[in-house]
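The values are calculated or read from the model by the stated rules, or taken from the named source; none is laboratory data. In this text, all values refer to a predicted model and were calculated from it rather than measured experimentally. Methodologically, a virtual Cβ is constructed for each residue, glycine included, from the backbone with ideal geometry; neighbour enumeration extends over all protein chains shown. Surface areas here come from the heavy atoms of the whole protein model, side chains and all, with no ligands, DNA or RNA. Shrake-Rupley method; radii C 1.70, N 1.55, O 1.52, S 1.80 Å.
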Amino acid sequence: IGEIRRFIRDDGLVKVSRTLKESASRIRKFKESFIKEEGREPTVQEISQKTGLTPEDIINAMEAVQEPTSLFSPIFE
Amino acid sequence: MEMIKNRARIEMSSMSENIGFARIAAATFAAQLNFTLAEIEEIKVAVSEAVSNCIIHGYENRPDGTIVLNMTIEDGKLKIEVEDFGVGIEDIEAAMQPSFTTSEERMGLGLVFINSFMNEMEIISTPGEGTLVRMVKIPEKSE
Amino acid sequence: MEMIKNRARIEMSSMSENIGFARIAAATFAAQLNFTLAEIEEIKVAVSEAVSNCIIHGYENRPDGTIVLNMTIEDGKLKIEVEDFGVGIEDIEAAMQPSFTTSEERMGLGLVFINSFMNEMEIISTPGEGTLVRMVKIPEKSE
Ligand SMILES: Nc1ncnc2c1ncn2[C@@H]1O[C@H](COP(=O)(O)OP(=O)(O)O)[C@@H](O)[C@H]1O
Ligand SMILES: Nc1ncnc2c1ncn2[C@@H]1O[C@H](COP(=O)(O)OP(=O)(O)O)[C@@H](O)[C@H]1O
Ligand SMILES: [Mg+2]
Ligand SMILES: [Mg+2]
């Protein structure tokens, strides 16, 4: 069990913090090229199909890199 | 379009920590439908605003109230209900007006945002009993 | 350490779509405490395994069951309960053994993971009535 824990800690999880940002930039790139080709925004499911990321990962990644939404920030407390 | 029917009901404390929690929960649940990231963002803003209102207005910042976030996916539509059991709204029509607010430093735009970001919106409220905001969002691609 | 007390209770359908939903909801809720990303990842695995078990074993993949995810933050600890109202477990001690499984193609490691990733774990189950998995995770930094 200690093994499993160590494996995930040392190997899997360093990746996690890195991949959140990597995923976000992959999503952005895919989105840009999709818009160029199709003339519209891709849906989360289309992004999921093309990048292999789960919808949850996509939401999570976008949340992690989100800049404070300046337009709305005054109303958030 | 989708035949999927799914539901989730969340009960949470009226603490500002839960605004972010509710926002992510709604976004993740919504991702089962064919929404774009921009539409997901609109859902997040609508849910944030509705939950903030429960905390700030409904419970006047008391942390011991309960907020219910009820979400259903049916017939390709996302239905979201945000409910509190707080002070309620005297005049719903007035509350819906842009820049109407009952607290000094606020902008009075929350309900306006919800109304403009969601396809349908309805408020049911009884003073002294609480407020329910019901909204529907339909993926644009499916229309 | 923290004086904060917060709770959220989620009721959801026994659909595999909700495994990811529950995982993210738990991670977002947990993020109020001082957990490392590695610890959050462990919580996500534990919740995924517990919710999968409700769907696969508790409800034998029927989508019309209800799963409850109950989360509390108190005294700097995260308490999580995952409950179903399905078939229940005959022999809890056996179920906890590494590689014990009642379904052919499975690895029988879900409960072992939960037990190793969480600081405390307890199973309460009645055959024919359902199963409750209770777990506690404490931020390592606070210990
Ligand atoms: N859940 C609620 N409980 C009680 N009153 C509410 C609730 N939601 C909205 N209101 C009332 O409606 C008004 C307008 O809400 P909103 O458009 O979100 O603007 P703001 O929150 O900036 O005041 C609030 O000032 C308040 O009086
Ligand atoms: N919620 C549950 N309801 C009924 N049985 C369960 C539940 N959770 C676990 N079990 C039983 O415990 C066994 C071991 O579970 P687990 O360690 O997750 O392995 P696996 O899911 O791979 O079989 C399962 O095969 C099942 O018999
Ligand atoms: Mg508001
Ligand atoms: Mg399992």
| Within segment C:45-60, can one find any residue that is over 29 Å from B:Pro63 (Cα atoms) and free of Cβ contacts under 8 Å to residues at least 12 places away in the same chain? | no
| note | When segment C:44-84 is checked residue by residue, the ones that are open to solvent by less than 10 Å² (accessible area, probe 1.4 Å) and modelled with pLDDT under 95 are C:Gly76
| Positions within segment C:95-113 being among the aromatic types (Phe, Trp, Tyr) and assigned to a loop (DSSP other than H, G, I, E, B), in sequence order | C:Phe100
| remark: Taking segment C:106-126 and keeping only residues that are more than 9 Å from ligand 2 (Cβ to nearest atom) and surrounded by fewer than 16 Cβ atoms within 10 Å (Cβ to Cβ), one is left with C:Asn119, C:Glu120, C:Glu122, C:Ile124, C:Thr126
| said: Step by step: first the residues of segment C:95-105, then only those that are without any contact (Cβ under 8 Å) to a residue 40 or more places away in the chain and open to solvent by 30 Å² or more (accessible area, probe 1.4 Å), then the one that is nearest to ligand 3 (Cβ to nearest atom). Which residue is that? | reply: C:Met96
| request: Would you check if there is a residue in segment B:113-129 being closer than 14 Å to B:Glu60 by Cβ, of a type in the set (A, V, I, L, M, F, W, C) and away from ligand 3 (no atom under 12 Å from the Cβ)? | output: no
| Counting just the residues of segment B:1-47 that are over 15 Å from the mean Cα position of the chain (by Cα) and of a type in the set (Lys, Arg), which one comes out farthest from the other protein chains (Cβ to nearest Cβ)? | B:Lys5
| Out of (1) more than 9 Å from ligand 2 (Cβ to nearest atom); (2) open to solvent by 40 Å² or more (accessible area, probe 1.4 Å); (3) closer than 20 Å to C:Met118 by Cα; (4) of a type in the set (D, E, K, R), the odd one out for C:Glu41 is which? | (2)
| Residue count, segment A:22-55 (criterion: assigned to a loop (DSSP other than H, G, I, E, B) and surrounded by 14 or more Cβ atoms within 10 Å (Cβ to Cβ)) | 4
| If you take the residues of segment C:85-94 that are near ligand 2 (Cβ under 10 Å from one of its atoms) and in a helix (DSSP H, G or I), which of them is most open to solvent (accessible area, probe 1.4 Å)? | C:Ile92
